[in-house]
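Trainee: Sharing a structure here in structure tokens format.
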Amino acid sequence: MTDKTYSVEEVRAGAPAEAPEKLIEWVTEKANLTKPDSIYWADGSEEEWTRLSDEMVEAGTFTRLNPEKRPNSFLARSLPSDVARVESRTFICSEKEEDAGPTNHWADPVEMKATLKGVFDGSMRGRTMYVVPFSMGPVGGPISQVGIELSDSAYVVLNMKIMTRMGKAALNEIANGAEWVPALHSVGYPLRDAEGNERPDVLWPCNDEKYITHFPETNEIFSYGSGYGGNALLGKKCFALRIASTMARRDGWMAEHMLILRLTDEKTGKQYHVTAAFPSACGKTNLAMLQPTIPGYKVSTVGDDIAWMRPGPDGRLYAINPEAGFFGVAPGTSYKTNPMAMETARANSIFTNVALTDDGDVWWEGIDDPMPDHLIDWHGNDFTPADAAEGKVAAHGNSRFTVPASQCPIICEDWEAPQGVPIDAILFGGRRATNVPLVAEQYEPAHGVFIGASVASEATSAATDVKAGALRHDPFAMLPFCGYNMADYWGHWLEMQDKLGDKFPKVYQVNWFRKDDDGHIIWPGFGDNSRVLDWIVRRTAGEVEATDGITGRYPKFEDFNLDGIDVDKATWDQLFEVDPDAWAAEMDDTEEYFSQFGDKLPAEVTAQLEKFRERIAAA
Ligand code: SAT
Ligand code: MN
């Protein structure tokens, strides 16, 4: 078979009637570059989901799970070389290198476009190009945005169906004139070469050469070579964070790596909304779905990963969750740690790189059921307790569930409110065995920015090329996701704070992961984190006082609700131990980290570093 050439007329003939000319032209251009055998316009219907998932089962990429245990749900196994985001292959292609900043990989946009032209040329030979219209945020909402992802992966289409509002309604928005973000994705595994030599498909097509690229000046995304998660589901980190953060800076709003939750005080009926930023795989999904262990509070979930925030008519900051599903880390998730996530994943879900049980259900390390005598592991091999005894795992550390947010039993009734929910407090956290206390409140707005800017965390398995466990700076948990110079991003935060004045939410630094000298985590965490939220909302309501310390303002032992848990004053003191010498060293390290931003570093941030040192000296 030889390559097909597409004409605009032919593409239009196969497209929904409402597809506008500009979109048809773009699809035609990309089809002539990537040379698929056919073009398919996704409508997001249930019929389409069933048809594509049946095809995936037929092809062997999907394993249908036991419908009695996990209806309408599937397992996919990726290649071991394609299991997470690849930060070293993620590029910001701004015109000027300084606009990408020292923490991003920059590539010259003209050169990168030439490289991409080369790799995308013929990359879809033998495959279908899926045209996937999607909305980030409720369709038509004032904070929402639309995009089109072209992809040669049905796995991507099905995941996008869960993670975004995908299909007809989003296309209608584009037909009605909404600006859209163009995103081209290919797994980079054509089934035919330019000479027409065919090769068979594989279960998880991808390419060793990967490019995850963003063009902030033109809002374009090109992703080549990977089929996994944030590399391939382009609505998520590529659009909703990297591109959206640059749009937000231009237009006076914020795109953040934050969960959003509502805390309701059941006695008064008062509602509080909290956003929280943690690096990938540090428990955002767990916090978003927290089951309070203290009576009188109810948590409902608005989002678990990304928040888009804009000033509302009353001058407060309002947030929406731009996503429609959760792409959660499986290992460690259980009815004990996160019952709501477990309930959300009971049906209509895609599991990637978890283990398969003999009765057709899923299993992973840390799930409630003990390891059965036999499993098929994420490589597709037999796995028994003997393998576990050798230290092997049955589910990959970054194995995931893709689940519809609407299935979460505690999804907030306003999770799709187009105008968003008003934010009362913003939390920053990370995994820190030492130094960082359980909770600290900002002294002033610029100190809040400083807290975000100095986030450091023990790295997890969410990226392939970052050593898990090592401490790394991850400002605002945005290090891999900020689409522009990180120092300019801090400047944008300072500007938003200025604009909103005392209506801008207060910032809190939290740490659930502090360890004692024997290496045990001190704080019970999970549902007991409601105790921290309780203190925070009582603080924002002006009901309790705080004690000034080196890193911020701390709760008083007597104000903090510790009823029913085994945290005495000695344990409390451990949780809040702040060693001036350790912090002096951490500030030296922070100063060095900040120095890479040169004169882009906002003066307010430098001033906060000085104030921090003064507090150390006074301690
Ligand atoms: O793979 S994703 O980027 O979507 C998940 C994550 O790292 O948070
Ligand atoms: Mn994330």
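Trainee: Take ALA440 and decide whether it is more than 18 Å from the chain's Cα centre (by Cα), part of a strand (DSSP E or B) and over 21 Å from ALA100 (Cβ atoms). Lay out the reasoning, then the answer.
Mentor: Numbers: more than 18 Å from the chain's Cα centre (by Cα): yes; part of a strand (DSSP E or B): yes; over 21 Å from ALA100 (Cβ atoms): yes.
Here the answer is yes, as ALA440 does meet what is asked.
Trainee: Just the residues that are touching a Cys at 6+ places or on another chain (Cβ under 6 Å) and away from ligand 2 (no atom under 15 Å from the Cβ), please, taken from segment 226-271. Working first, answer last.
Mentor: Restricting attention to segment 226-271, the residues satisfying the condition of being touching a Cys at 6+ places or on another chain (Cβ under 6 Å) are 226-227, 245, 262.
Listed by number, the residues that qualify are SER226, GLY227, ARG262.
Trainee: On the given criteria, is THR218 hydroxyl-bearing (Ser, Thr, Tyr), within 25 Å of GLU98 (Cα to Cα), modelled with pLDDT of 95 or more and surrounded by fewer than 24 Cβ atoms within 10 Å (Cβ to Cβ)? Walk me through it before giving the result.
Mentor: Values: hydroxyl-bearing (Ser, Thr, Tyr): yes; within 25 Å of GLU98 (Cα to Cα): yes; modelled with pLDDT of 95 or more: yes; surrounded by fewer than 24 Cβ atoms within 10 Å (Cβ to Cβ): yes.
When the stated conditions are applied, THR218 passes them.
Trainee: If we keep just the residues of segment 9-28 that are among the β-branched types (Val, Ile, Thr) and in contact (Cβ under 8 Å) with a residue 24 or more places away in the chain, which is farthest from PHE222 (Cα to Cα)? Even if it seems obvious, please write down each step before you answer.
Mentor: Of segment 9-28, the ones among the β-branched types (Val, Ile, Thr) are 11, 24, 27-28.
Next, from what is left, pick out any that are in contact (Cβ under 8 Å) with a residue 24 or more places away in the chain: 11, 27.
Numbers: VAL11: 21, VAL27: 14 Å.
Among those residues, the one meeting the criterion is VAL11.
Trainee: Can you name every one of the strands (runs of 3 or more DSSP E) wholly within segment 332-430 that holds 3 or more residues which are under 30 Å from GLY137 (Cα atoms)? Steps first, please.
Mentor: Working: elements: 350-352, 355-357, 400-404, 425-429.
Where strands (runs of 3 or more DSSP E) fall fully within segment 332-430 and carry at least 3 residues being under 30 Å from GLY137 (Cα atoms), they are 350-352, 400-404, 425-429.
Trainee: Looking only at segment 251-291, count every residue that is surrounded by fewer than 19 Cβ atoms within 10 Å (Cβ to Cβ) and touching a Gly at 6+ places or on another chain (Cβ under 6 Å) and tell me the total.
Mentor: Result for segment 251-291: 3.
Trainee: Could I ask something else about it? Based on this model, can you work out whether THR337 counts as touching a helix residue (DSSP H, G or I) at 6+ places or on another chain (Cβ under 7 Å) and at pLDDT below 95?
Mentor: Working: touching a helix residue (DSSP H, G or I) at 6+ places or on another chain (Cβ under 7 Å): yes; at pLDDT below 95: yes.
Yes; evaluated as a whole, the condition is true for this residue.
Trainee: So, one more: Yes or no: LYS4 touching a residue at least 24 places away in the same chain (Cβ under 8 Å) and more than 31 Å from the chain's Cα centre (by Cα)?
Mentor: Numbers: touching a residue at least 24 places away in the same chain (Cβ under 8 Å): yes; more than 31 Å from the chain's Cα centre (by Cα): yes.
For LYS4, the condition - touching a residue at least 24 places away in the same chain (Cβ under 8 Å) and more than 31 Å from the chain's Cα centre (by Cα) - is met.
For every residue, the table says whether it meets (1) surrounded by fewer than 23 Cβ atoms within 10 Å (Cβ to Cβ); (2) in contact with a helix residue (DSSP H, G or I) (Cβ under 9 Å, 6 or more places away or on another chain).
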{"residue": "PHE450", "(1), (2)": "no, yes"}
{"residue": "VAL455", "(1), (2)": "no, yes"}
{"residue": "SER461", "(1), (2)": "yes, no"}
{"residue": "LYS467", "(1), (2)": "yes, no"}
{"residue": "ARG472", "(1), (2)": "yes, no"}
{"residue": "ALA477", "(1), (2)": "no, yes"}
{"residue": "PHE481", "(1), (2)": "no, yes"}
{"residue": "ASP488", "(1), (2)": "yes, yes"}
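Trainee: State which residue is farthest from ligand 1 (Cβ to nearest atom) when the search covers only segment 284-305 and only residues that are in contact with a strand residue (DSSP E or B) (Cβ under 6 Å, 6 or more places away or on another chain) and within 10 Å of GLY328 (Cβ to Cβ).
Mentor: Selected residue: MET289.
Trainee: Among the residues in segment 374-387, are any crowded, with 23+ Cβ neighbours inside 10 Å, out of contact with any His (no Cβ under 8 Å at 6 or more places or on another chain) and among the β-branched types (Val, Ile, Thr)?
Mentor: no
Trainee: Something else about it: Can you name every residue in segment 328-342 that is under 18 Å from SER300 (Cα atoms) and either within 14 Å of ligand 2 (Cβ to nearest atom) or of a type in the set (Phe, Trp, Tyr) (or both)?
Mentor: Selection gives GLY328, TYR335.
Trainee: Sort out which residues of segment 550-564 are under 32 Å from the mean Cα position of the chain (by Cα) and either farther than 16 Å from VAL510 by Cα or of a type outside the set (Ser, Thr, Tyr) (or both), and write them in order of number. Spell out the reasoning first.
Mentor: Start the filter on segment 550-564 by keeping residues that are under 32 Å from the mean Cα position of the chain (by Cα), which leaves 550-555, 560-562.
Hits for segment 550-564 are ILE550, GLY552, ARG553, PRO555, PHE560, ASN561, LEU562.
Trainee: So ALA446 ticks every box in (1) outside any helix (DSSP H, G or I); (2) of a type outside the set (Asp, Glu); (3) surrounded by fewer than 24 Cβ atoms within 10 Å (Cβ to Cβ); (4) touching a Leu at 6+ places or on another chain (Cβ under 9 Å) but one. Which box is left unticked?
Mentor: Of everything listed in (1) outside any helix (DSSP H, G or I); (2) of a type outside the set (Asp, Glu); (3) surrounded by fewer than 24 Cβ atoms within 10 Å (Cβ to Cβ); (4) touching a Leu at 6+ places or on another chain (Cβ under 9 Å), ALA446 misses just condition (1).
Trainee: Next question. State all residues of segment 253-298 that are in contact (Cβ under 8 Å) with a residue 40 or more places away in the chain, out of contact with any helix residue (DSSP H, G or I) (no Cβ under 7 Å at 6 or more places or on another chain) and hydrophobic (A, V, I, L, M, F, W, C); if no residue qualifies, say none.
Mentor: Across segment 253-298, the qualifying residues are TRP253, MET258, ILE260, ALA281, CYS282.
Trainee: Between TRP535, TRP572, TRP512, which is of a type in the set (Phe, Trp, Tyr), part of a helix (DSSP H, G or I) and touching a residue at least 60 places away in the same chain (Cβ under 8 Å)?
Mentor: TRP535
Trainee: When you look at LYS506, is it at pLDDT 95 or above and either charged (D, E, K, R) or surrounded by fewer than 23 Cβ atoms within 10 Å (Cβ to Cβ) (or both), yes or no? Steps first, please.
Mentor: Numbers: at pLDDT 95 or above: yes; either charged (D, E, K, R) or surrounded by fewer than 23 Cβ atoms within 10 Å (Cβ to Cβ) (or both): yes.
So LYS506 fits the description; yes.
Trainee: Residue check: is ALA281 small (Gly, Ala, Ser), within 16 Å of ligand 1 (Cβ to nearest atom) and in a loop (DSSP other than H, G, I, E, B)? So that I can check it myself, show each step before the final result.
Mentor: Numbers: small (Gly, Ala, Ser): yes; within 16 Å of ligand 1 (Cβ to nearest atom): yes; in a loop (DSSP other than H, G, I, E, B): yes.
Spelling it out, ALA281 is indeed small (Gly, Ala, Ser), within 16 Å of ligand 1 (Cβ to nearest atom) and in a loop (DSSP other than H, G, I, E, B).
Trainee: Identify, from the list GLY225, GLY229, the residue that is modelled with pLDDT of 95 or more, within 15 Å of ligand 1 (Cβ to nearest atom), under 19 Å from ILE162 (Cβ atoms) and of a type outside the set (Ser, Thr, Tyr).
Mentor: On the way: GLY225 fails: under 19 Å from ILE162 (Cβ atoms).
On inspection, the qualifying residue turns out to be GLY229.
Trainee: Condition test on LEU52, is it touching a Gly at 6+ places or on another chain (Cβ under 7 Å) and of a type outside the set (Val, Ile, Thr)? Outline the logic, then answer.
Mentor: On the way: touching a Gly at 6+ places or on another chain (Cβ under 7 Å): no; of a type outside the set (Val, Ile, Thr): yes.
The answer is no for LEU52.
Trainee: Being of a type in the set (A, V, I, L, M), surrounded by 11 or more Cβ atoms within 10 Å (Cβ to Cβ) and touching a residue at least 40 places away in the same chain (Cβ under 8 Å): is that true of ALA585 here?
Mentor: Working: of a type in the set (A, V, I, L, M): yes; surrounded by 11 or more Cβ atoms within 10 Å (Cβ to Cβ): yes; touching a residue at least 40 places away in the same chain (Cβ under 8 Å): no.
So ALA585 fails the test.
Trainee: Continuing with this model, one more query. Which condition does PHE134 not pass, out of (1) over 25 Å from the mean Cα position of the chain (by Cα); (2) within 24 Å of SER38 (Cα to Cα), if it passes all the others?
Mentor: Status for PHE134: all satisfied but (1).
Trainee: In segment 232-274, what residues are part of a helix (DSSP H, G or I), of a type in the set (A, V, I, L, M, F, W, C) and away from ligand 1 (no atom under 16 Å from the Cβ)? Before the answer, list the steps.
Mentor: The initial filter retains those residues of segment 232-274 that are part of a helix (DSSP H, G or I), namely 232, 235-251.
Adding the requirement that they be of a type in the set (A, V, I, L, M, F, W, C) leaves 232, 238-241, 243-244, 247-248.
Across segment 232-274, the qualifying residues are MET247, ALA248.
Trainee: Something else now. Can you name every residue in segment 541-556 that is farther than 12 Å from VAL578 by Cβ and assigned to a loop (DSSP other than H, G, I, E, B)?
Mentor: Hits for segment 541-556 are ALA541, GLY542, GLU543, VAL544, GLU545, LYS556.
Trainee: Anything in segment 88-108 that is touching a residue at least 24 places away in the same chain (Cβ under 8 Å), surrounded by fewer than 19 Cβ atoms within 10 Å (Cβ to Cβ) and within 20 Å of ARG472 (Cβ to Cβ)? List them, or say none.
Mentor: Matches in segment 88-108: SER88, PRO102.
The values are calculated or read from the model by the stated rules, or taken from the named source; none is laboratory data. Here the structure is a predicted model, which is why all the values come from computation and not from measurement. Every residue, glycine as well, gets a Cβ built from its backbone with ideal geometry; the counts of neighbours run over all protein chains shown.
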